[in-house]
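S.K.: Would you mind keeping the following structure in view while I ask a few things?
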Amino acid sequence: LAVGRGVYERIAGHRIRLVLVVRAARTAPATGLRFAYQNGRVQSPWTDVPITASYAPLSFVWTAPKERGGPENDAVIIEPGLPGDGTAIDVRSVRIEILG
């Protein structure tokens, strides 16, 4: 998921919470997923979580680096199931919160 330009400047050096609202897809449902935030060439640790057939919020907290180390665009990386297993998820929303 590409994160729009200008986000880096707003989150640099801040603790952020990345919140996804997801569920297992009705066809080929995944039982879990992992997700991370990529800021240039620096990536947050992966967060691995189980999911169900109902939408539920999933989140993690990470401190975005102060310095940019690569490409201009950030990304949210979401991998349902095991890579290559053909399973899927439905994503209702993705939100980035800057924490006090």
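S.K.: Select, from Ser44, Ser54, the only residue that is among the hydroxyl-bearing types (Ser, Thr, Tyr) and either in contact (Cβ under 8 Å) with a residue 60 or more places away in the chain or open to solvent by 30 Å² or more (accessible area, probe 1.4 Å) (or both).
M.R.: Matching residue, one of Ser44, Ser54: Ser54.
S.K.: Can you find a residue that is closer than 20 Å to Gly81 by Cβ, open to solvent by 80 Å² or more (accessible area, probe 1.4 Å) and either in contact with a strand residue (DSSP E or B) (Cβ under 9 Å, 6 or more places away or on another chain) or modelled with pLDDT under 90 (or both) anywhere in the stretch 27-34?
M.R.: Yes: the stretch 27-34 contains one or more residues that are closer than 20 Å to Gly81 by Cβ, open to solvent by 80 Å² or more (accessible area, probe 1.4 Å) and either in contact with a strand residue (DSSP E or B) (Cβ under 9 Å, 6 or more places away or on another chain) or modelled with pLDDT under 90 (or both).
S.K.: To continue, here is another question. Looking only at the stretch 21-41, count every residue that is touching a residue at least 40 places away in the same chain (Cβ under 8 Å) and either within 29 Å of Glu9 (Cα to Cα) or in a strand (DSSP E or B) (or both) and tell me the total.
M.R.: Looking only at that region, the number is 11.
S.K.: Additional query: Listed residues Asn73, Asn39; which is touching a helix residue (DSSP H, G or I) at 6+ places or on another chain (Cβ under 9 Å) and open to solvent by 40 Å² or more (accessible area, probe 1.4 Å)?
M.R.: Testing whether each residue is touching a helix residue (DSSP H, G or I) at 6+ places or on another chain (Cβ under 9 Å) and open to solvent by 40 Å² or more (accessible area, probe 1.4 Å) leaves just Asn73.
S.K.: All but one of (1) outside any loop (DSSP other than H, G, I, E, B); (2) charged (D, E, K, R); (3) open to solvent by 60 Å² or more (accessible area, probe 1.4 Å); (4) farther than 23 Å from Arg10 by Cβ hold for Asp85, so report the exception by its number.
M.R.: (1)
S.K.: For residues that are open to solvent by 60 Å² or more (accessible area, probe 1.4 Å) and in a loop (DSSP other than H, G, I, E, B), scanning just the stretch 57-70, find the one that is nearest to Gly13 (Cα to Cα).
M.R.: Lys66
S.K.: Modelled with pLDDT of 90 or more and under 18 Å from Leu1 (Cβ atoms): which single residue out of Pro71, Pro57 fits that description?
M.R.: Pro57
S.K.: Conditions: (1) surrounded by fewer than 16 Cβ atoms within 10 Å (Cβ to Cβ); (2) of a type in the set (D, E, K, R); (3) touching a helix residue (DSSP H, G or I) at 6+ places or on another chain (Cβ under 9 Å). Glu79 meets all but one. Number of the miss?
M.R.: It fails just one condition, (3).
The values are calculated or read from the model by the stated rules, or taken from the named source; none is laboratory data. Everything numeric here is computed off the predicted structure, so don't read it as measured data. Note that each Cβ is placed from the backbone with ideal geometry, even for glycine, and that neighbours are counted across all protein chains shown. Note: areas computed on protein heavy atoms with side chains; ligands, DNA, RNA excluded. Shrake-Rupley method; radii C 1.70, N 1.55, O 1.52, S 1.80 Å.
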